[in-house]
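*Asks:* To start, I am sharing the structure in question, which I have written as structure tokens.
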Amino acid sequence: MLKFDNKVATERKKKMAARKIIRDQMILMRKSTDAKPDDKKIAEDLRDTLLANKDKAIGLAANMIGKSKKIIAVFIGPFPVVMLNPKIVKSEGKYLTEEGCLSLDGVRKTARYEKIWVEYEDLSFTKRSAEYDGIAAEAIQHEIDHTKGKII
Ligand SMILES: [Zn+2]
């Protein structure tokens with residue numbers, strides 16, 4: 001019989017589950033599949049990984065920690081917001097910009113929208129919708145591209 005070590009379990013719980021950032025383009029180019037309730041741990045790990053990289057990244061997508069699921073985590077102000085199955089339903093104000101990525105070297109040119117309307121599910125799989133602009137909107141667009149296997 002396996003003995004449950006309560007003290008070790010508590011210690012483990014306190015530790016954040018930050019994961020290694022993947023730089024393998026073969027993994028990054030895989031299209032993500034829909035996130036299901038079973039994928040909640042991946043979403044929490046992604047949030048913890050974003051927090052661990054807060055001085056370097058505004059957002060992360062799950063395939064950056066090796067999980068090809070439609071899950072992103074983005075800083076909205078100081079708070080990491082996890083979005084499962086995010087979808088941009090409306091966008092306004094196209095502009096050109098250059099973006100860097102924690103999984104890649106250098107920066108790449110891309111077109112983004114100043115204002116976006118997003119539908120997603122939160123960590124308890126409640127449907128949410130919100131509008132974003134500026135840097136949060138740009139980060140969400142970048143991370144949603146990751147879920148499609150696009151590398152920018
Ligand atoms: Zn990226």
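The values are calculated or read from the model by the stated rules, or taken from the named source; none is laboratory data. Quantities reported herein were computed from a predicted structural model and do not represent experimental measurements. Don't worry about glycine lacking a Cβ; one is built from the backbone with ideal geometry, like all the others, and counts go over all protein chains shown.
*Asks:* Suppose we filter 39, 34 for residues that are surrounded by fewer than 16 Cβ atoms within 10 Å (Cβ to Cβ) and modelled with pLDDT of 95 or more; which single one remains?
*Replies:* Working: 39 fails: surrounded by fewer than 16 Cβ atoms within 10 Å (Cβ to Cβ).
Only one candidate qualifies: 34.
*Asks:* Which of the residues spanning the range 56-78 are over 14 Å from residue 140 (Cα atoms) and modelled with pLDDT under 95? Walk me through it before giving the result.
*Replies:* The first filter runs over the range 56-78 and keeps only residues over 14 Å from residue 140 (Cα atoms), leaving 56, 63-69, 78.
Once the filter is applied, which keeps residues that are over 14 Å from residue 140 (Cα atoms) and modelled with pLDDT under 95, the range 56-78 yields 56, 78.
*Asks:* A further question follows. Looking at the range 89-121, which of its residues are within 15 Å of residue 144 (Cβ to Cβ), more than 16 Å from the ligand (Cβ to nearest atom) and surrounded by 14 or more Cβ atoms within 10 Å (Cβ to Cβ)?
*Replies:* Answer for the range 89-121, where residues must be within 15 Å of residue 144 (Cβ to Cβ), more than 16 Å from the ligand (Cβ to nearest atom) and surrounded by 14 or more Cβ atoms within 10 Å (Cβ to Cβ): 91, 113, 116, 117, 118, 119, 120, 121.
*Asks:* While we're looking at this one, here's another question. Among the listed residues 124, 129, identify the single one that is farther than 25 Å from residue 20 by Cβ, exposed (fewer than 15 other Cβ atoms within 10 Å of the Cβ) and either free of Cβ contacts under 8 Å to residues at least 12 places away in the same chain or within 16 Å of the ligand (Cβ to nearest atom) (or both).
*Replies:* Numbers: 129 fails: either free of Cβ contacts under 8 Å to residues at least 12 places away in the same chain or within 16 Å of the ligand (Cβ to nearest atom) (or both).
The conditions single out 124.
*Asks:* Which residue, of 65, 27, is free of Cβ contacts under 8 Å to residues at least 60 places away in the same chain, more than 9 Å from the chain's Cα centre (by Cα) and crowded, with 18+ Cβ neighbours inside 10 Å?
*Replies:* On the way: 27 fails: crowded, with 18+ Cβ neighbours inside 10 Å.
Every option except 65 fails the conditions.
*Asks:* With respect to the numbered conditions (1) within 16 Å of the ligand (Cβ to nearest atom); (2) in a strand (DSSP E or B); (3) under 24 Å from residue 26 (Cα atoms), which one is the sole condition not fulfilled by residue 75?
*Replies:* (3)
*Asks:* While we're on this one: As an exercise: evaluate residue 137 against (1) part of a strand (DSSP E or B); (2) farther than 20 Å from residue 40 by Cβ and give the number of the one condition it does not meet.
*Replies:* Condition (1) is where residue 137 drops out.
*Asks:* A follow-up question, please. Please determine whether any residue of the range 45-53 is at pLDDT 95 or above and not in a helix (DSSP H, G or I). Before you say what the answer is, go through the steps one by one.
*Replies:* Step one: filter the range 45-53 for residues at pLDDT 95 or above, giving 45-53.
If we keep only those that are not in a helix (DSSP H, G or I) as well, we get 53.
Yes, the conditions are met somewhere in the range 45-53.
*Asks:* Take residue 81 and tell me if it is under 21 Å from residue 152 (Cβ atoms), within 15 Å of the ligand (Cβ to nearest atom) and in a strand (DSSP E or B). Let's see the steps before the verdict.
*Replies:* On the way: under 21 Å from residue 152 (Cβ atoms): yes; within 15 Å of the ligand (Cβ to nearest atom): no; in a strand (DSSP E or B): yes.
No.
*Asks:* Then there's this: Identify the residue in the range 132-146 that is of a type in the set (Val, Ile, Thr) and away from the ligand (no atom under 11 Å from the Cβ) and, among all such residues, is farthest from the chain's Cα centre (by Cα). Can you show your working first?
*Replies:* Quick first cut of the range 132-146, residues of a type in the set (Val, Ile, Thr) only: 135, 140, 144.
Imposing the further condition that a residue be away from the ligand (no atom under 11 Å from the Cβ) reduces the set to 135, 140.
On the way: 135: 15, 140: 8 Å.
This residue is 135.
*Asks:* Could you go through the range 91-111 and let me know if any residue there is touching a Gly at 6+ places or on another chain (Cβ under 7 Å), of a type in the set (Ser, Thr, Tyr) and part of a strand (DSSP E or B).
*Replies:* No, that holds for no residue.
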